[in-house]
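The values are calculated or read from the model by the stated rules, or taken from the named source; none is laboratory data. Note that the structure is a prediction, hence the values are computed from the model and not measured. When we count neighbours, we look across all protein chains shown, and the Cβ atoms used for this are built from the backbone with ideal geometry, even at glycine. Heads up: the accessible areas ignore ligands, DNA and RNA and are worked out on the full protein's heavy atoms, side chains in. Shrake-Rupley method; radii C 1.70, N 1.55, O 1.52, S 1.80 Å.
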Amino acid sequence: MPVDDVHDGNGPPDSSQPVPDLDPLFDPKSVAVVGASPDSFYSGNLVENLLGYGFDGTLYPVNPGRDEVWDRQCYDDIDDIPETVDLVVVSVPREHVVGVVESAGKRGVPVALVLTAGFAEADEKGTTLEADLGEVATEAGIRVVGPNCIGVMASKGATLTSTCSREPQPGGIGLVSQSGALAFTTFFERAADSDVHFSHIVSTGNEVDLAAADYVAYLAAQDDVDVVCTYIEGVDDPERFLRVAEDAVRNGTPVLTVKIGSSELAEAATLSHTGSLTGDDDAWEAAFDQTGVERVPDIPDLLARASAHTAYDDPDGNSVCIASTSGGLASLLTDMAAEREFALPDIDGETERELLDIDELLTYGGFNNPADIRGYGAYVLPEIADAVTDDDAFDAYVFAIGLPGVDERAETIAEDLETIAAEADDPVYVLWTGRKEPDDPTETPPYVRLRESVPVYEDPSRCLDALASTIDSVTARDHLTDQPSRGDLAADARRAATNIDLPRGRVLTWNESEDLLDAYDIPVVESRLATDVDEAAAAADDLGFPVVLKIDSPALPHRTDVGAVRLGVDSVEAARDAYEEVMTAARTAVDDDDIEGVLVQPMLDDGVEAITGIAPDEVFGSLVSVGPGGVLVEALNESATLVPPFSRADARAAVEKTALASLLRDRRDGTALSVDAFVDVLTRVGDLAAGVDAVAELDLNPVVVTEDGPIAVDALVRTRE
């Protein structure tokens, strides 16, 4: 088949994505700063931070207007530097950036960090300069960060930014941010205030060369990165990003993201019903679900969850024990735990007996989970912990302290909790909801000192979200481990597309659509094409009544809109009449030359109607939608979205998200129908979407799921130009 009918794919057909060598960026041994000047906010503060925050390599200022800065010789040009540096920082007027990067590349410098703004984000001239910068980077063999980039940081390497107000402390969070200001002035500062620290931070800028996916791939491969966090506004190569993220999760590094904006449907109006089923943000939600990426609503949530991944080993399961000093807080946590689908095993047997023997608890009768240990329980936390943490029924623990975190009693509570967390074999989460402001603002409150060793959560929902994040990351990793990679799925889909050659830029006839669907083993109803009354009558009689007659015309994709369909035709004479009626109706809308004929099909009325199909998308190329079909499309307004390629497990999860699964299983007037059989069809639709680029839209509405299996009774296919 023609090469352009098949997706080229992004990356190799396996689960391994290339990892760029960014060691010279994050841990350079030598740095040249072009445009270095103490009078420049960006380059001046960057150098001050670099030197002030522990850089022990060699710094070469480059500025032809100065002889010496920061007690160092200032060079006129990169070529004057006595060695080839690991990294060149570029902070010069935009018209000089391309030349500087080209010179650095020719000198053999591996990476350039371009701080200068005024490129594609600014005006037409900037757009041209950015394109030139990309070409020069490729030709010179130098990787470029930015332009329009605030900088990068590695807590065990170099701090290369003008906006870092304090020295970074070692941490386990890698952050990739498409907003430079948020990266350092919000993420970094807010995290540091809560004793949460990063291993790496990168502001990606305009991504003329290195993109968010490259940084995610690099960070996920680093031993000191426990979790990768991303702030994403838009991705030029979403498939590469998804494959990189999938690799990270599959290999045990969780990926959390704050994603703003939304996937937009193609500007051209879509013909298919499925094109209207996908909401603005459904595609990204589906993409993240399929690749194990956890989407997070906001920055505080991101930091709360990320801190859990750095502090705790993966839990063995979702069974949680909650002990609260407040009965009301315990009740609140019960509901929250249920919302997050935690298991709350009973506190019974030896564990309950040990707790009942603790006189300070003043408990009568027994314990629930969450356990109300009352305020008195704060005095005997070690004894409580000894009892519950020895119980193999639990995979994680939450100690909820509804007491002040600043008084003398808090000193003991903090010390006890630190010991409990350190000695427990399973994760111990601390939720401290009481007072946080001490009388003496110069004092360091006990809860702050505790925070230096374990995360201390002040908000119940963020605490349980953090715990859920660690549980979900294990589930995502295990799910991906059992599934083919996106690369493998795409390769299989392309192989299945061999010998498919489609006409371009139009709606396909029924026979053309049937051939395409047959190539992917998507079952369609038996159909006869009649071009006169006699053929229609004979076909109807041969197929057996009742039958359906409908016009076959690529120029009339929505035949029902003009009345060119007749249902329940139950005799030869009725078939003759129906043929004339649909032809007459069609001729009111299209010319005879645009009519292939009339399709005669057996009428299927004993089953459940579903809808599935392919719709165009500006970000991902194509999306697949699924849900209840027929009249239920509008009645239920319920569907799920998938981003091809996807696995059979992803297809089943999508079906289960909609009412379709229950409609198939819980039929009022018949036996249950096979969900698995329909999932097979949906998976094949995904293969078609991933393998045949020529298909812009596919609408299978309805697919009737019968006891003999699913059958598509109508198909609309539109191809790309």
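For the set 70, 284, solvent exposure ranked by accessible area (probe 1.4 Å, protein chains only) runs largest to smallest as 70, 284. Rounded to the nearest Hz, the phi-derived 3J(HN,Hα) couplings of the stretch 441-446 under the Karplus curve 6.51 cos²θ - 1.76 cosθ + 1.60 (θ = phi - 60°) are x, 7, 7, 8, x, x, where x marks glycine and proline. Loop-located chymotrypsin sites (Phe, Trp or Tyr not before Pro) in the stretch 354-388 (DSSP state not H, G, I, E or B) with no more than 15 neighbouring Cβ atoms inside 10 Å: 364. Computed from backbone phi with θ = phi - 60° and the Karplus coefficients 6.51, -1.76 and 1.60, the 3J(HN,Hα) list for the stretch 566-579 is 10, 9, x, 6, 10, 7, 5, 5, 5, 5, 4, 5, 5, 4 Hz; x is used for glycine and proline.
Each principal axis of the stretch 133-268 carries a Cα extent, and these read 49, 33, 27 Å when sorted largest first. Working from Cα pairs under 8 Å separated by at least six residues, relative contact order for the chain is 11 percent. Residues whose amide H comes within less than 5 Å of that of residue 227, counting only those at least five positions distant or on another chain, are 174 (H built at 1.01 Å from N in the peptide plane). The fraction of Cα-Cα pairs per 5 angstrom bin, counted from 0 for the stretch 331-467, comes to 2, 10, 20, 23, 22, 15, 6, 2, 1, 0 percent, rounded to whole percents. Can you give the log10 of the normalised intensity I(q)/I(0) at q = 0.17, 0.19, 0.25, 0.28 Å⁻¹, computed with Debye over equal Cα scatterers of the stretch 169-225? The Debye formula, applied to the Cα set alone, gives -0.53, -0.65, -1.00, -1.13.
Give me the Kirkwood hydrodynamic radius of the stretch 390-513 in Å, from all C-alpha pairs, to one decimal place? It would help to have the intermediate numbers written out before the result.
On the way: mean 1/r = 0.0522 Å⁻¹.
Over the stretch 390-513, the inverse of the mean reciprocal pair distance is 19.1 Å.
Amide H contacts for residue 322 (H built 1.01 Å from N in the peptide plane; partners 5 or more residues away or on another chain; cut-off under 5 Å): 371, 398. Of all DSSP-defined beta bridges confined to the chain, some 50% are antiparallel rather than parallel.
To the nearest 0.05, what FRET efficiency results for residue 453 and residue 590 with a Förster distance of 56 Å applied to their C-beta separation?
That pair, residue 453 with residue 590, gives E of 0.15.
Shown in residue order for the stretch 683-697 are the 3J(HN,Hα) couplings computed by the Karplus curve 6.51 cos²θ - 1.76 cosθ + 1.60 at θ = phi - 60°: 4, 5, 4, x, 4, 5, 4, 6, x, 10, 5, 5, 7, 8, 9 Hz (x for Gly and Pro). Distance from the Cα centroid of the stretch 586-606 to that of the stretch 537-557 is 7 Å (rounded to whole angstrom). Look at where the Cα atoms of the stretch 413-439 and of the stretch 67-144 average out, and the two centres are 49 Å apart. When each of the peptides 200-209, 20-29 is scored by the mean number of other C-beta atoms lying within 10 Å of its residues, the order from highest to lowest reads 200-209, 20-29. A straight chain from residue 411 to residue 73 at 0.36 nm per residue would run longer than the Cα-Cα distance by 116.4 nm.
Placing +1 on each Lys and Arg Cβ and -1 on each Asp and Glu Cβ, with no other charges, gives the stretch 349-434 a dipole about its Cα centre of roughly 480 debye. Helical content alone sets the calculated 222 nm signal of the chain at -11000 deg cm²/dmol, taking -39,500 (n - 2.57) per DSSP H segment of four or more residues and averaging over every residue.
Axis angle, to the nearest 10 degrees, between helix 408-423 and the longest C-alpha principal axis of the chain: 60 degrees. Computed from Cα atoms alone, the Kirkwood hydrodynamic radius reported for the chain is 29.4 Å. Expressed as a whole percent, the accessible area of the chain that falls on carbon and sulfur atoms is 43 (1.4 Å probe). Take the Cα of residue 435, go 7 Å toward its beta carbon, and the backbone nitrogen atoms of the stretch 382-411 under 17 Å from that spot belong to 401-411.
Over the stretch 45-189, the reciprocal of the mean inverse Cα-Cα separation, the Kirkwood hydrodynamic radius, stands at 16.1 Å.
Using the Stokes-Einstein relation with a Kirkwood hydrodynamic radius computed over Cα pairs, the translational diffusion coefficient of the stretch 58-97 at 10 °C and a viscosity of 1.306 mPa s comes to 145 µm²/s. Contact order, relative form, for the stretch 291-366: 21 percent (alpha carbon pairs under 8 Å, 6 or more residues apart, mean separation divided by residue count).
Label reach from residue 671 (point 7 Å along Cα→C-beta): in the stretch 680-721, amide nitrogens under 16 Å belong to 705-710.
Counting other C-beta atoms within 10 Å, and keeping those with at most 16, which DSSP coil trypsin sites (Lys or Arg not before Pro) do you find in the stretch 431-502?
435, 436
Of all alpha-carbon pairs in the stretch 641-698, indicate the percentage at a distance above 13 angstrom. Counting pairs separated by more than 13 Å, the tail of P(r) holds 61 percent.
Amide H contacts under 5 Å for residue 58: 30, 31, restricted to partners 5 or more places along the chain or on a different chain, H placed in the peptide plane at 1.01 Å from N.
Using 0.36 nm per residue and subtracting the Cα-Cα separation, the extra length available between residue 138 and residue 649 on full extension is 180.0 nm.
Given 10 °C and 1.306 mPa s, how large is the Stokes-Einstein diffusion coefficient of the stretch 610-718 in µm²/s, with Rh as the Kirkwood radius over Cα pairs?
115 µm²/s
Calculation over all alpha carbon pairs of the stretch 327-407 in 5 angstrom steps from 0 returns a P(r) of 3, 14, 27, 26, 20, 9, 2, 0 percent. Could you tell me the distance between the Cα centroids of the stretch 279-324 and the stretch 446-504, to the nearest Å? Comparing the Cα centres of the stretch 279-324 and the stretch 446-504, I get a distance of 8 Å. May I ask you to list the trypsin sites (Lys or Arg not before Pro) in the stretch 628-679 that are in a DSSP loop and have at most 12 other Cβ atoms within 10 Å of their Cβ? The qualifying sites are 668.
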